[in-house]
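A short write-up of the structure that comes next.
The values are calculated or read from the model by the stated rules, or taken from the named source; none is laboratory data. Remember, predicted model here, so these are calculated numbers, not experimental data. No Cβ is skipped: glycine too gets one built from the backbone with ideal geometry, and neighbour counts run over all protein chains shown.
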Amino acid sequence: MQPQADPFIVPLCNEEIEVLYQDQHLLLINKPSGLLTLSGKHPLNKDSVHFRLVKDFPTATMIHRLDFGTSGILIVALNKVVNAHIGKQFQAHSVSKTYTAILHGDVVEDSGCIELPIAKDRPNFPLQKICYETGKSAVSHYDVVERRVGHLGVPDSTRVIFKPVSGRTHQLRIHSRELGHPILGCDLYATDEAFFMADRLMLHATRIEFDHPVTGERINGFSPCPF
C-alpha cells in the first residue's frame, strides 16, 4: 500500500474580494490570487470565494471558477435560475472571456491561435495533458501587447491578451507551455526559470461579457490587471 501524499494546505490569503457590480440577480467580483474559488475537502482549506461571499449573500453560487493562483473577474449567481441561465451561456460559448498573462521569453508572432485538445493526466492529478485520443477540444487566441527587455538587453518576457474559446481546466497554462512560453509563476507547467521570475501566477481574468439573464442586456465586466 503506497503512502498518501501530504495534502496541499492553502496559504492564508489576506486580500479582500472586491465587488465590481451588484444587483438582485448576480454579482461581478474580483478574485485575488491565492484564494480558492470553492472550499477544498481538507478542513484547513475552507477559506474560498464562496465561503466568504455566503456570509453576506447566503444564496450565492459559483457559476464558473478561476484557478487558485489566477486573479480576476468572476460571475456569481444569487439564485438557481440565474445560475442555470448563465451556465447555458457558457455551454453555448456565448460568454466572452479575456485574460492578461505574462509569458516567459520572446513570443515572436504578434498574434496566433493554439488548438490543442486537453485531457486529465490521471496518474498526476491535478495536472492536465495534451492528448489527441481522449482530449477535449481547446482553442486559445492570443495577441502580444508588450515584449519586456531583460537585463541582457533582449526580451525575456511577453505580455499577451488571451481570448479562450473553450474553458478547459488549466487551458491557458498548458497551452502557453506548448507554445514554448509558459506563464511566469506557474507552479505546474513552467520551467524553474519561468516559475521563479514572478511571486505569483501571472494570469488575470480581465474581462467577461454575457447576457444578463433577466434584462437581456449585454454585460461587459472589467477588472484592471494588477501587474
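Residues that are closer than 29 Å to V82 by Cβ, out of contact with any strand residue (DSSP E or B) (no Cβ under 7 Å at 6 or more places or on another chain) and at pLDDT 95 or above do not occur anywhere in region 155-165. Taking (1) in contact (Cβ under 8 Å) with a residue 40 or more places away in the chain; (2) surrounded by fewer than 18 Cβ atoms within 10 Å (Cβ to Cβ); (3) within 20 Å of the chain's Cα centre (by Cα) in turn, K31 satisfies each apart from (2).
Considered as a group, the residues in region 76-90 that are more than 18 Å from V165 (Cβ to Cβ) and without any contact (Cβ under 8 Å) to a residue 40 or more places away in the chain include one that is surrounded by the fewest Cβ atoms within 10 Å (Cβ to Cβ), and that residue is K80.
One residue alone among V49, V54, V10 is over 22 Å from D211 (Cα atoms) and in contact with a helix residue (DSSP H, G or I) (Cβ under 8 Å, 6 or more places away or on another chain), and that residue is V10. As a summary of the residue check, G40 satisfies the conditions (1) surrounded by 15 or more Cβ atoms within 10 Å (Cβ to Cβ); (2) at pLDDT 95 or above; (3) under 18 Å from the mean Cα position of the chain (by Cα) except for the one numbered (2). Of the residues D143, D199, the single one that is acidic (D, E) and part of a loop (DSSP other than H, G, I, E, B) is D199. So, T59, is that one touching a Leu at 6+ places or on another chain (Cβ under 6 Å), farther than 28 Å from L184 by Cα, at pLDDT 95 or above and among the polar types (S, T, N, Q) or not? Here the answer is yes, as T59 does meet what is asked. Considering every residue within region 96-108, establish whether at least one is farther than 26 Å from F196 by Cβ, out of contact with any Asp or Glu (no Cβ under 7 Å at 6 or more places or on another chain) and β-branched (V, I, T). Yes: region 96-108 contains one or more residues that are farther than 26 Å from F196 by Cβ, out of contact with any Asp or Glu (no Cβ under 7 Å at 6 or more places or on another chain) and β-branched (V, I, T). Whether a residue is farther than 16 Å from C225 by Cα, outside any helix (DSSP H, G or I) and modelled with pLDDT under 95 was assessed, and L27 does not pass this test. Of the residues making up region 84-108, those that are within 22 Å of G185 (Cα to Cα) and either of a type outside the set (G, A, S) or in a loop (DSSP other than H, G, I, E, B) (or both) are K97, T98, Y99, T100, I102, L103, H104, G105, D106, V107, V108. Could you tell me whether any residue of region 142-149 is modelled with pLDDT under 95 and either surrounded by fewer than 18 Cβ atoms within 10 Å (Cβ to Cβ) or more than 19 Å from the chain's Cα centre (by Cα) (or both)? Yes, some residue in region 142-149 is modelled with pLDDT under 95 and either surrounded by fewer than 18 Cβ atoms within 10 Å (Cβ to Cβ) or more than 19 Å from the chain's Cα centre (by Cα) (or both).
Matching residues to (1) of a type in the set (A, V, I, L, M); (2) closer than 29 Å to C131 by Cα; (3) surrounded by fewer than 21 Cβ atoms within 10 Å (Cβ to Cβ):
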{"position": "D47", "(1), (2), (3)": "no, no, yes"}
{"position": "D56", "(1), (2), (3)": "no, no, yes"}
{"position": "L74", "(1), (2), (3)": "yes, yes, no"}
{"position": "A92", "(1), (2), (3)": "yes, yes, yes"}
{"position": "V95", "(1), (2), (3)": "yes, yes, yes"}
{"position": "V108", "(1), (2), (3)": "yes, yes, yes"}
{"position": "P117", "(1), (2), (3)": "no, yes, yes"}
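Among the residues of region 18-39, those that are over 25 Å from A101 (Cβ atoms) and not polar (S, T, N, Q) comprise D23, H25, L26. Look at region 146-170: where a residue is over 30 Å from F125 (Cα atoms) and free of Cβ contacts under 8 Å to residues at least 60 places away in the same chain and a partner is surrounded by 15 or more Cβ atoms within 10 Å (Cβ to Cβ) and polar (S, T, N, Q), sitting 6+ places away or on another chain with Cβ atoms under 8 Å, you get E146/T158; R147/S157; R147/T158; R148/S157; R148/T158; G150/S157.
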